[in-house]
Amino acid sequence: MSAYNNEHFRNLVQPDRVHRSVYVDPQIFEIEMQKVFGRIWVFIGHDSLVPNAGDYYCTTLARQAVVMSRDEKGRVHVLFNRCGHRGAKVLPGVRGNAKVFVCMYHGWAFRPNGELAGVPMRGDFPKEVLAEPIAGMVPVARVENYRGFVFACLDPNVMPLKEFLGEGIRGIDELVDRAPDGEIEFWAGCHRYTFRGNWKMQMDNMADTYHPAATHASTVGPDGRQFQRRAGEKGGSAPFYAPNGEALVAQLGVRGMRNGHSSEQSMFDKEQSGGVIDEYRAILVNRFGEERTADIMKNRRHSMTLFPTLDILMAQTSVRVVRPLAVDLTEVEIWPVRLKGAPEVISTDLVKFVNITHSASSFIQSDDLEAFERCHEGLLTQGSDWVLLARGMNTEIDEGNGVFLGPRSSEIGMRSKHAMWHKLMCA
Ligand code: FES
Ligand SMILES: [Fe+2]
């Protein structure tokens, strides 16, 4: 398939820099679809997208069409969206419900667990052919569900999901624990858009506390008062009122973790209060007591990014999913989350908040998308072969369990991601 071998990849990622071809070379993209996306756990969707028997949700895994479905016993499956007869994609839309999934070509029907349920004029087929597992909709090799987050892997020999998530699992726990009922829901649809650039641009950005003062100056700079971030604030983005907004951003640490995960420290480390937040807090205290509630409501992180493509946005109580479509085309989804058991207005306010921060026409994410596209264009030039990720080198604090804290908006989160990518590409 390619002239590239492991030797070629060896020097592309160095401790303080990454070769530009990692972002712009179409051949490398094809290889990473197999060696990265084909071998580790990739987030498919939240199981609240398929609450009832027969529900299905269509998406992609390493660019291959897959469907997450729920069978009549309540089990969630991830199947290749492919007919066992002559290969047609069975389910064409995004979401729906059907007792059986019927292929439009010759009418073969499949149960939500992928088994072949019906074949028109079946007598003319040899029985043993229809009995082969490949005559159904074939399941993806491995599927695991952690607190509603459904992951799949094309490689049957992958390590268990929990082991892969490692310390990064705290991101899911901290988000789901905010729901008094202990469950969240993808309830309001999502924002879905593409940008002209490589998927790693968005992944790097999720571990980047260095950029906001410049990229988002119109919001977070001393003059930026575009919207009220948190209940109780007056007239704009309070932490950046002071002329030292830039210095404040510079203080935000980043953690790099084993297997390429990372997290960003929160810009708002104080517990929120006032209005509906007090009502919400009272519900939590009633369920879990004062100490546990204080822990749940602590704003530890801005986000937790799970390699390769999932971002738990703690600050927005939302989930971002990144889907590589081509070397220079990436799809992004933002799913606002409903916290089951919390006052309803918390969840409806979150939808409005995400419209402002992370929709395609928002105040924040649109700045980032512009940066990603400019990076992609710049990296196509011969100006230099290297992308520098050296900020905060050699100042990391070892926190144990494979977690390293990079103080002062270090680029350690990006270095962790590229180290994992490199390990997989060289394997
Ligand atoms: S291709 Fe699906 S029934 Fe023939
Ligand atoms: Fe940003």
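Pairwise Cα separations in the range 42-153 fall into 5 Å bins from 0 onward with the following percentages, short to long: 2, 13, 25, 25, 18, 10, 5, 2, 0, 0. Using the Cβ-Cβ distance between residue 380 and residue 286 with R0 set to 56 Å, the FRET efficiency from 1/(1 + (r/R0)^6) comes to roughly 0.50.
Cys residues of the chain that find no other Cys beta carbon under 4.7 Å: 58, 153, 190, 375, 426. Over the chain, Cα pairs under 8 Å with separation of 6+ residues give a relative contact order of 20 percent.
When 208, 16 are arranged by Cβ crowding within 10 Å, least crowded first, meaning fewest neighbours, the order is 16, 208. Computed from the C-beta positions of residue 86 and residue 141, the FRET efficiency with R₀ = 22 Å rounds to 0.45.
What net charge do the residues around residue 99 carry, taking every other residue with its C-beta under 10 Å from that of residue 99, with Lys and Arg at +1 and Asp and Glu at -1? Summing Lys and Arg as +1 and Asp and Glu as -1 gives 0.
With only Lys, Arg, Asp and Glu charged, each at its Cβ (+1 for the first two, -1 for the last two), find how big the charge dipole of the range 167-426 is about the Cα centre; round to the nearest 20 debye.
My answer is approximately 60 debye.
Comparing 402, 84, 166 in a Gaussian network model of the chain, where Cα atoms under 10 Å apart are tied by springs, the biggest mean-square fluctuation is seen for 402.
Springs between Cα atoms under 10 Å define the GNM used for the chain, and in it the highest mean-square fluctuation of 94, 158, 36 occurs at 94.
For the range 42-153, the relative contact order comes to 27 percent (Cα pairs under 8 Å, sequence separation of at least 6).
Label separation (residue 192 vs residue 370): 2.7 nm, computed from points 7 Å beyond Cα along the C-beta direction. Axis angle, to the nearest 10 degrees, between helix 412-426 and the longest C-alpha principal axis of the chain: 30 degrees. Could you name the aspartates and glutamates in cross-link range of residue 127, using Cα to Cα under 18 Å and dropping any fewer than eight places away on the same chain? Within the straight-line limit of under 18 Å, residue 127 reaches these aspartates and glutamates: 115. Listed by chain and number, the aspartates and glutamates placed with their C-alpha closer than 16 angstrom to that of residue 298 are 173, 174, 177, 264, 269, 271, 278, 290; residues fewer than eight positions away on the same chain are left out. Post the alpha-carbon centroid distance, the range 284-333 to the range 17-33, in whole angstrom. Value for the Cα centre distance between the two parts: 27 Å.
The phi torsions of the range 120-129, fed into the Karplus equation with coefficients 6.51, -1.76 and 1.60 and a -60° offset, translate into couplings of x, 6, 5, x, 7, 9, x, 3, 5, 5 Hz, rounded to whole numbers, with Gly and Pro shown as x. Rounded to the nearest 10 degrees, the inclination of helix 26-35 to the longest alpha-carbon principal axis of the chain is 70 degrees.
Report, in degrees rounded to the nearest 10, the 0 to 90 angle that the Cα long axis of helix 344-357 makes with the longest principal axis of the chain. Helix 344-357 and the main axis of the chain meet at about 80 degrees. Residues 417, 423, ranked from the fewest to the most other C-beta atoms within 10 Å, line up as 423, 417. For 165, 388, 350, 116, the sequence from fewest to most other C-beta atoms within 10 Å is 388, 350, 116, 165.
Using only the Cα atoms of the range 170-222, each taken as one equal point scatterer with no solvent, compute I(q) by the Debye sum, divide by I(0), and report log10 of the ratio at q = 0.18, 0.22, 0.32 Å⁻¹. Each listed q corresponds, in turn, to -0.97, -1.00, -1.10. For the chain, the square roots a ≥ b ≥ c of the C-alpha gyration tensor eigenvalues yield an a/c of 1.5 or more together with a/b not exceeding b/c, which makes the shape oblate. Along its principal axes, the range 259-375 has C-alpha extents of 50, 32, 23 angstrom, given from the largest down.
Calculated FRET efficiency, residue 16 and residue 157, Cβ-Cβ r, R0 30 Å, to nearest 0.05?
Values: r = 33 Å, r/R0 = 1.10.
According to the calculation, E is roughly 0.35.
The label-point distance for residue 298 and residue 279, in a model that sets each label 7 Å from Cα toward Cβ, rounds to 2.8 nm.
Laboratory data are not the source of any read-out in this text; all were calculated from the coordinates shown. This is a predicted model, so every value here is computed, not measured. Virtual Cβ from ideal backbone geometry, glycine too; neighbours counted across all protein chains shown.
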